[in-house]
Each structure stands twice: as structure tokens, then as C-alpha cells.
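*Asks:* This structure is in C-alpha cells; I'll ask about it shortly.
The values are calculated or read from the model by the stated rules, or taken from the named source; none is laboratory data. Everything quoted here is computed from the prediction, not taken from an experiment. Virtual Cβ from ideal backbone geometry, glycine too; neighbours counted across all protein chains shown.
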Amino acid sequence: MEQEVKEWMRKIEEVKKGDVDLSRDEDLSIALMNLISLEEHFYFTAMKTGNQKYLEMLNSVRELRKGMLRKIVKNPVGEEWCISKHLLASSMRLLEVGTKELSKNNEREANMFFTSAFNLYSLFWGINLKMVEAKQIAANPNSIPRNGLMAKFSEMVKKIVDCCKE
């Protein structure tokens, strides 16, 4: 385990030396979450209203999202592109559910959703900083640790991804 953490830290240092702006990319990842959410809303609105214009808007937003996702998901291996998109989408939805629970004063339930959302978000970064191999996750999604490794991984992501750095 300790050797694995050292290897991650080595990879992070390589990323920092490159042309990756983690502050910019964190902001972009949040924008991507919202673009994915817009795609969903345009779909459901089209289905509810029967207005095909919403599907045209969905397609426009999808094209924008694809272009923006390419700025973070570079040279995807295997299913990394789709995994990344779904990790962001799931993280955003869990964040929204947590927020709704918080507004109902269900703090414990909200924190469970928030923690799950952050773990998925951390996994997104782990894959796209090449700290985790997506093919391992795609082959066995149930192998993602709920505690232990994932908690340590999330702690590391807290330290390296900071949108407040100018």
C-alpha cells in the first residue's frame, strides 16, 4: 500500500511538471458535470413536451461537452472516455441528492451521498491523472474499495486538485 501511494505521488509530480493546470481542469470538470446534466434535462423536457427543439439543444450541448471533455480526458485507453463521463455524471447526481437531503435536515444521509460523490469524483481524477487504470475498474466495478484505499485516494485528490489556486 505504501509503495502504491509513493507511485501516485511520483505520477502527480510528473503531471505538475507538464502542461496540466489542475485548477483550470477542476473548474472544467464541474462545468462538464453541468453540461451532462443539461443533456439530461433537454432529453426529459423533449420527452415531456414532445418538442423536438429540445433534442436539437441537447445535441448542441453534447457537442460542446465532448469538446470540453477532450481537454481533460486525453488519449483514453479502453473505456476511459465513457467511464470519465459517467463518473462525473454520477458524482453530480449524488451531490444533488445530498443537497436535497441536507435541505430536509438529514445531515447523516446527506454526508453519505456527499462522500460517495467525492469518491467518484476522486476516481475520475485518478483515472485522468493516470493514477488508476480504468480497464481494472471496467472489468470489475465492485472492486472499488469503499474504505481504505479509496479514502486515502480521496485524501490525495483533496491535496492536489484545488480550484482556488490562481
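*Asks:* How about segment 50-74: which of its residues are in a loop (DSSP other than H, G, I, E, B) and under 17 Å from the mean Cα position of the chain (by Cα)?
*Replies:* Residues satisfying the conditions are R70, K71, I72, V73, K74.
*Asks:* Does any residue of segment 71-78 turn out to be in contact with a Leu (Cβ under 7 Å, 6 or more places away or on another chain), of a type in the set (K, R) and free of Cβ contacts under 8 Å to residues at least 40 places away in the same chain? Even if it seems obvious, please write down each step before you answer.
*Replies:* Kept after step one, since they are in contact with a Leu (Cβ under 7 Å, 6 or more places away or on another chain), are these residues of segment 71-78: 71-72.
The next check asks that each one be of a type in the set (K, R); those that pass are 71.
Restricting the remaining residues to those that are free of Cβ contacts under 8 Å to residues at least 40 places away in the same chain gives none.
Checking segment 71-78: not a single residue is in contact with a Leu (Cβ under 7 Å, 6 or more places away or on another chain), of a type in the set (K, R) and free of Cβ contacts under 8 Å to residues at least 40 places away in the same chain.
*Asks:* Kindly establish whether L88 is closer than 19 Å to R24 by Cβ, buried (at least 20 other Cβ atoms within 10 Å of the Cβ) and at pLDDT 95 or above.
*Replies:* Details: closer than 19 Å to R24 by Cβ: yes; buried (at least 20 other Cβ atoms within 10 Å of the Cβ): yes; at pLDDT 95 or above: yes.
Judged against the criteria, L88 is a match.
*Asks:* Same structure, new question: So which residues in segment 75-87 are outside any loop (DSSP other than H, G, I, E, B) and of a type in the set (S, T, N, Q)? Don't jump to the end; show me each part of the working.
*Replies:* Our first condition is that a residue be outside any loop (DSSP other than H, G, I, E, B); within segment 75-87, this holds for 80-87.
If the condition is that a residue be outside any loop (DSSP other than H, G, I, E, B) and of a type in the set (S, T, N, Q), then S84 is the only one that fits.
Yes/no matrix, rows are residues, columns are (1) closer than 20 Å to Y121 by Cα; (2) modelled with pLDDT of 95 or more:
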position: L22; (1), (2): yes, no
position: N51; (1), (2): no, yes
position: G67; (1), (2): yes, yes
position: P76; (1), (2): yes, no
position: N106; (1), (2): no, yes
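*Asks:* Something else about it: Quick check on segment 140-157. Is at least one of its residues among the polar types (S, T, N, Q), in a helix (DSSP H, G or I), under 22 Å from N34 (Cα atoms) and at pLDDT 95 or above?
*Replies:* No, segment 140-157 contains no residue that is among the polar types (S, T, N, Q), in a helix (DSSP H, G or I), under 22 Å from N34 (Cα atoms) and at pLDDT 95 or above.
*Asks:* How many of the residues making up segment 47-61 are crowded, with 16+ Cβ neighbours inside 10 Å and either within 20 Å of R93 (Cα to Cα) or of a type in the set (S, T, N, Q) (or both)? Break it down stepwise before answering.
*Replies:* Step one: filter segment 47-61 for residues crowded, with 16+ Cβ neighbours inside 10 Å, giving 54, 57-58, 61.
If we keep only those that are either within 20 Å of R93 (Cα to Cα) or of a type in the set (S, T, N, Q) (or both) as well, we get 58, 61.
Counting residues in segment 47-61 that are crowded, with 16+ Cβ neighbours inside 10 Å and either within 20 Å of R93 (Cα to Cα) or of a type in the set (S, T, N, Q) (or both) gives 2.
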